1. Using only Cα atoms, find the angle between the long axis of helix 8-25 and the longest principal axis of the chain, and express it within 0 to 90 degrees, rounded to the nearest 10.
2. Subtracting the Cα-Cα distance from 0.36 nm times the residue separation, let me have the gained length for residue 141 to residue 52 in nm, one decimal.
3. Would you please put 44-52, 3-11 in order of how densely packed they are, using the mean number of other Cβ atoms within 10 angstrom per residue and starting with the highest?
4. Considering only DSSP beta bridges whose two residues both sit in the chain, what percent are antiparallel, to the nearest 5?
5. Measure nothing fancy, just the Cα-based angle from helix 100-110's long axis to the longest principal axis of the chain, in degrees from 0 to 90, nearest 10.
6. Considering every Cα-Cα pair within the range 66-171, what fraction, in whole percent, is farther apart than 16 Å?
7. Starting from 0.36 nm per residue, how many nanometres of slack lie between residue 133 and residue 116 once their C-alpha separation is accounted for?
8. Which FRET efficiency value, to the nearest 0.05, is calculated for residue 72 and residue 17 with the Förster distance at 41 angstrom and r the Cβ-Cβ distance?
């Protein structure tokens, strides 16, 4: 499996480019942003700032169970709080991978009768079934975002040991900091090394 681990600086640069595309592509500002939990939460806050949209709602759709592993189909596990009836809505997530979750979320949100619902992500995958209205980059790698370093380190080292982490492009200083923070990681890594 190929990995990329964009830095916070890279994420902010891509977010600004994404906001520029959205501003150029839209005559009218969005009324609200619906962020997709958990991956899209950090980007949702950034886009709220860059697009000057204060009305933010959250929904959650679960599909991936671990790195590279999916359940049979995506399921909405957290509904939005509030109404989007008649509103121009921007749906925000970090990546459009298979597109299956975005399809389910789009159908769910359209059932709430917004005036319009568009989708924005930083990354898309070449095999994505639903191409977002706005995105900034395409990759076939597994993306490890800065807001999920710890989760990725735990998952990958549990099945592959500490050595796999060198292939993830997560900066070594963060791997070491998280290793020091979490006693269970230290214990797990001692077992795989011995």
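1. Tilt of helix 8-25: around 20 degrees.
2. On the way: separation 89, 0.36 × 89 = 32.04 nm, distance 3.14 nm.
Net length gain for the segment: 28.9 nm.
3. Details: 44-52: 18.0, 3-11: 15.2.
The packing order, highest mean first, is 44-52, 3-11.
4. Details: 5 of 27 bridges.
Once the DSSP bridges in the chain are tallied, antiparallel ones form about 20 percent.
5. 30 degrees
6. Counting pairs separated by more than 16 Å, the tail of P(r) holds 65 percent.
7. Numbers: separation 17, 0.36 × 17 = 6.12 nm, distance 1.19 nm.
4.9 nm is the gain from fully extending residue 133 to residue 116.
8. Working: r = 35 Å, r/R0 = 0.85.
My answer for the efficiency is 0.70.
Coordinate-derived values only; no laboratory data. The shown structure was predicted, so the numbers you read here are calculated from the model rather than taken from an experiment. Note that each Cβ is placed from the backbone with ideal geometry, even for glycine, and that neighbours are counted across all protein chains shown.
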